[in-house]
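The values are calculated or read from the model by the stated rules, or taken from the named source; none is laboratory data. As the structure is a prediction and not an experimental result, all values here were calculated from the model. Counting neighbours? That spans all protein chains shown, and the Cβs are built from the backbone with ideal geometry, glycine included.
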Amino acid sequence: MNQPARRNKNKIKRQAVQNETPSQDSVIQLQSVTHHYEGAIPPPSILAEFDRIVPGSAAKIIESYIEEGHHRRRIETNITNANVHAQGQHMDLQKQQHKSVNNSDFRGQVIGFFVCVMSVIGSLYAGLHDLQALSLILAALPTAALIKEFFIKNI
């Protein structure tokens, strides 16, 4: 009976020696477990652990996710409405600019017409009163302006 008892004692001693002084051949094994998930809310297993540690936390996490979704959609709707409004204002501004340019062009044409008519009338008047040089100058101005406008576009 003494023999089996001795063997058990020897085994215990060997294990103690190995734990106290590790040899070069000993290997230490470490195990690391990492849980990774993607998405807005954790998977049910992790939610269950949260709920186990803090009761009701899983429901709060889900409620928070739902509220955040509603909030995000409200913000996106506001941004979309603001963009539509800004584009509408931009289009109104472009219409006003187009109308202003057309009005300016029309006024310029009307004023140019009256200048030409007055120049022709002044040229006729100067020609009837023997002022040939003045008549020539007054007739040349509207003619030069018309030639420039219709034939020489780059100047």
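Taking interchain pairs and intrachain pairs at least six residues apart, which have beta carbon atoms under 7 angstrom, with the first residue in the stretch 63-84 and surrounded by 10 or more Cβ atoms within 10 Å (Cβ to Cβ) and the second modelled with pLDDT under 95?
Tyr65/Ala40; Tyr65/Ile41
Under 6 Å between Cβ atoms, which residue pairs at least 6 apart in sequence (or on different chains) link something in the stretch 133-150 that is modelled with pLDDT of 85 or more with a partner that is of a type in the set (Lys, Arg) and surrounded by 12 or more Cβ atoms within 10 Å (Cβ to Cβ)?
From the stretch 133-150, no pairs qualify.
Is there a residue in the stretch 54-61 that is exposed (fewer than 10 other Cβ atoms within 10 Å of the Cβ), part of a helix (DSSP H, G or I) and at pLDDT 85 or above?
no
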